[in-house]
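Contents: one structure, followed by commentary.
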């Protein structure tokens, strides 16, 4: 039996606010291996990220390695050159009955500069970008919730650029990289001190900014497991409700063909709602012909229902647009639109449902009828 306690722990020279288990014996950890789960994070130098999780109660193993690229069995020299598309990353095996996935993500974000989309501290390049590689839909949802908390807090000068990516094959790094902080403590301390990581952590987290995570409602143990199961169940229901192209776009960040989608040339007056949550997103009064082959809008109906996230996938820097309630991928927003906003919300038809103005009252959107007076 272990005791749950909410404490402040020191990791990598910083204070971390976390729920951890106290008094778990080594043999108890081994017995829970069959119930273990996996978390994968990329935050620049894997030596520094790995050391933050080593020894944390509920963490059974931490491995440094490479993920996210197409090349099989890459070497450190290949990855560090930036030629393989891989991230330097760590993979954590943990007991969800002792430490929740959400707590692991909270700790991870306190080790990185989440607004840096070009690398991490002194290490520059795509191979050192930050990312969370989710293994389940529940992990994806919880990660995006935490990103939303960070963005809403305005504690950083830039919005979160950390990517949220479906987990790919993870390749274990060379043995000399494993537990580098304990094998080479002097070299590790010199590198870490000179990288700028510790100074950044102290600057942004020393004054109690970790309290933004106190909205965490997932305590370790049974409740986290129940939430996980519910998320998976609801995701299966969503998959059954949507067509293959709708699911590919909204849940797998896909893109439908240009000029071969339902609403690209729709000129009827009405509103466009989220295909999953039915939340109103865009109006035909803000729709314009962009020539791109996808529905384009100068602005959303309700800015609080739209989430914008920096997207560095495919070696491009873009801003992804997602719906807040359903966490559905909608498309991207660009700054080449017409006045007055100069914005172009380029949205996939597959993520939308069109409600004609004459059906607004019957469909429960009478409060938006004034748009067409």
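The values are calculated or read from the model by the stated rules, or taken from the named source; none is laboratory data. Predicted model, so just to flag it, every value in this text is computed and none were measured. FYI the Cβ positions are ideal-geometry reconstructions off the backbone, even for glycines, and counts take in every protein chain you see.
For every residue, the table says whether it meets (1) modelled with pLDDT of 95 or more; (2) on the phi < 0 side of the Ramachandran plot; (3) assigned to a loop (DSSP other than H, G, I, E, B).
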position: 51; (1), (2), (3): no, yes, no
position: 82; (1), (2), (3): no, no, yes
position: 91; (1), (2), (3): yes, yes, no
position: 112; (1), (2), (3): no, yes, yes
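Within the stretch 244-265, the set of residues being within 16 Å of residue 296 (Cβ to Cβ), surrounded by fewer than 17 Cβ atoms within 10 Å (Cβ to Cβ) and in contact (Cβ under 8 Å) with a residue 40 or more places away in the chain comprises 255, 262. Restricting attention to the stretch 346-364 and to residues that are touching a helix residue (DSSP H, G or I) at 6+ places or on another chain (Cβ under 8 Å) and surrounded by 13 or more Cβ atoms within 10 Å (Cβ to Cβ), the residue that is nearest to residue 285 (Cα to Cα) turns out to be 357. Restricting attention to the stretch 115-139, the residues that are surrounded by fewer than 24 Cβ atoms within 10 Å (Cβ to Cβ) and on the phi < 0 side of the Ramachandran plot add up to 15. Scanning the stretch 140-153 for residues that are free of Cβ contacts under 8 Å to residues at least 60 places away in the same chain and surrounded by 21 or more Cβ atoms within 10 Å (Cβ to Cβ) yields a single hit, 143. What about residue 254, is it in a loop (DSSP other than H, G, I, E, B) and modelled with pLDDT of 75 or more? Against the criterion (in a loop (DSSP other than H, G, I, E, B) and modelled with pLDDT of 75 or more), residue 254 qualifies. Any residue at all in the stretch 307-322 that's over 18 Å from residue 162 (Cα atoms), touching a strand residue (DSSP E or B) at 6+ places or on another chain (Cβ under 6 Å) and outside any loop (DSSP other than H, G, I, E, B)? The answer is no; no qualifying residue exists. Taken over the stretch 36-75, the criterion of being surrounded by fewer than 15 Cβ atoms within 10 Å (Cβ to Cβ) and over 24 Å from the mean Cα position of the chain (by Cα) is satisfied by 55, 72, 73, 75.
Under 19 Å from residue 324 (Cα atoms), touching a helix residue (DSSP H, G or I) at 6+ places or on another chain (Cβ under 7 Å) and assigned to a loop (DSSP other than H, G, I, E, B): which single residue out of 132, 160, 164 fits that description? Unique residue meeting the criteria: 160. Looking only at residues in the stretch 283-300 that are crowded, with 19+ Cβ neighbours inside 10 Å and under 19 Å from residue 250 (Cα atoms), the one that is nearest to the chain's Cα centre (by Cα) is 300.
Here is the figure for the stretch 189-234: residues that are in a helix (DSSP H, G or I), modelled with pLDDT under 50 and within 18 Å of residue 160 (Cβ to Cβ) total 0. When residues in the stretch 266-279 are screened for being surrounded by 20 or more Cβ atoms within 10 Å (Cβ to Cβ) and either part of a strand (DSSP E or B) or in contact with a strand residue (DSSP E or B) (Cβ under 7 Å, 6 or more places away or on another chain) (or both), 6 of them pass.
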